[in-house]
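The values are calculated or read from the model by the stated rules, or taken from the named source; none is laboratory data. Every value quoted in this text rests on a predicted model; they were computed, and no experiment measured them. Counting neighbours? That spans all protein chains shown, and the Cβs are built from the backbone with ideal geometry, glycine included.
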Amino acid sequence: MGFAKDFELLLRARYPILGIVALEEERLEESIAQVCQGLSRSVFIWDFVEGYQGSPTNQGFAKRNPLQALEFVDKISQGAVFLLRDFDRFWEDVAVSRKLRNVARQLKESSQNLILLTTTRLVPEFLREVVTIVDFPLPTTDRIREELANFGVKEPAVLEELTRACQGLSLERIRRVLSLAVADHGALAMGDVSIILAEKQQSIRQTEILDFFPDTKGIEDIGGLDNLKEWLMRRGNAFTDRARQYGIPYPRGLMLVGIQGTGKSLTAKAIAHHWSLPLLRLDVGRLFAGLVGESESRTRQMTQLAEALAPCVLWVDEIDKAFSGDSRGDGGTTNRVFGTFLTWMAEKTAPVFVVATANNIRALPPELLRKGRFDEVFFVGLPNQEERAQIFAVHLDRVRGYNLRNYDLDRLAYETPNFSGAEIEQIIIEAMHIGFSQNRDFTTEDILEAASQIVPLAQTASQEVEFLLEWAKSGKARLASRGGLLGN
């Protein structure tokens, strides 16, 4: 059911006090008014600055007095809904909390309800039995299409593209950014997607939980990893309506485990680019907060935002660092956040494709790798000689595409056994410094000289690399590369 139907059912079931978590106050109040009109209920709205509004008799009553605002409920006998804005700021007050509990008893015997508008799901323990928390969702795709139609968008392809771009924004933000585009060039067009995405990036950044990444890296920017590329390309159209009609469910996600610097993070970016989906990066550390219950609340906020932006790619980088170690010192917060995240991954129905990367397989809880969390687990090992040649070609083409034939790619690949993709990129940068310092272009010899000065991670962390290789050999993950496990 949608919010309106759920809300109407709660009113008719005589839930005395509802706390509605909403960032869009105006749209929420419009929705509440429509439901109450259908139930022939009067609506009384109060806020701290203006007091009660809408009724000439009670205009301004209980201004700057939240306790008096609750006492007003006693004056109305039947058929009313009382909407109190920002009331979570006052319920810690002992008089207000006691009055809320008293009002809850009274309202259960009448066809009246108290609605508390909040921005948090955290209810004080002494009010949890009387306050029922309800989430007010962001606009649906149908509501967004309706708003776009109001702005004159009629062409189906443009309407669909702009609708997808607007998902995850509040209605007020959508109206602002559409007005900006119209003011700039008179009418909405396909090119306005970039303006909407810029607004979305700002909106997501304000949550301080997720980051919005532009999808600038493509599959062609990845050297090697042919098995992984083939798996991804086969699912390129899995988010389309045609795939639903065929009976294919939405892809759930992908776990990339392997040695540092082998292209796991780059792959996450390339997936979003190849599938033309927005890329959200989750810094798991931002989920944890000092107040009791706030970390779990932030986790739910993150999942709700990701689902609102769906279809999208959610990139969880180095998940092993977030959920490893002993959590007894934090009162079990890490375990609760991890449990909330796992439950969401297993039960989500929204098209959110989760890409998690990990370097230390020993730190990963076994339940994270269980089938049903991810569609597949891939092991990303060190590139072999052929793949190193491809990686050298990718990086050199980016900085010296006009001069690529002057570099001996086969020799470079042969002389750099056990080097990762990140290490190859670094030796090219070092070679550029060598050439630049001598007022000339860098050469194959400069790259080899730079390589001779770097000890690859495969040697400095040989025990950890060996453990990863043994784990991959056990068949617990698919190989991302056709060249085997170990670079040569």
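Quick look at the numbers
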item	result
Answer from V337, V352, V394 - the residue that is in contact with a strand residue (DSSP E or B) (Cβ under 6 Å, 6 or more places away or on another chain) and either assigned by TED's automatic domain parsing to the domain that holds I259 or closer than 30 Å to M432 by Cβ (or both)	V352
Filtered residue count, segment 150-175, keeping only those that are surrounded by 18 or more Cβ atoms within 10 Å (Cβ to Cβ) and of a type in the set (D, E, K, R)	3
Number of positions in segment 235-286 that are touching a Pro at 6+ places or on another chain (Cβ under 8 Å), more than 16 Å from D375 (Cβ to Cβ) and basic (K, R)	0
Criterion violated by R121 - all others in (1) assigned to a loop (DSSP other than H, G, I, E, B); (2) surrounded by 15 or more Cβ atoms within 10 Å (Cβ to Cβ); (3) modelled with pLDDT of 90 or more satisfied	(3)
Extreme residue, nearest to I259 (Cα to Cα), among residues of segment 416-456 that are among the polar types (S, T, N, Q) and outside any helix (DSSP H, G or I)	S420
Qualifying position, being of a type outside the set (V, I, T) and surrounded by 18 or more Cβ atoms within 10 Å (Cβ to Cβ), among L178, L197	L178
Criterion: farther than 30 Å from P366 by Cα, assigned by TED's automatic domain parsing to the domain that holds Q390 and under 33 Å from the mean Cα position of the chain (by Cα) - qualifying residue of E445, E449, E425	E425
Residue tally, condition in contact with a Gly (Cβ under 9 Å, 6 or more places away or on another chain) and either over 14 Å from I115 (Cα atoms) or touching a residue at least 60 places away in the same chain (Cβ under 8 Å) (or both), over segment 5-46	3
Among the residues listed as V35, V21, V49, the single one being more than 30 Å from R300 (Cα to Cα) and either under 36 Å from the mean Cα position of the chain (by Cα) or at pLDDT 95 or above (or both)	V49
Wholly within segment 190-308, helices (runs of 4 or more DSSP H) carrying at least 3 residues that are in contact (Cβ under 8 Å) with a residue 24 or more places away in the chain	193-207, 226-234, 264-275, 294-308
Some residue of segment 331-345 being of a type outside the set (K, R), in contact (Cβ under 8 Å) with a residue 12 or more places away in the chain, surrounded by fewer than 16 Cβ atoms within 10 Å (Cβ to Cβ) and on the phi < 0 side of the Ramachandran plot	no
M255 vs. criteria hydrophobic (A, V, I, L, M, F, W, C) and loosely packed, with under 14 Cβ neighbours inside 10 Å	no
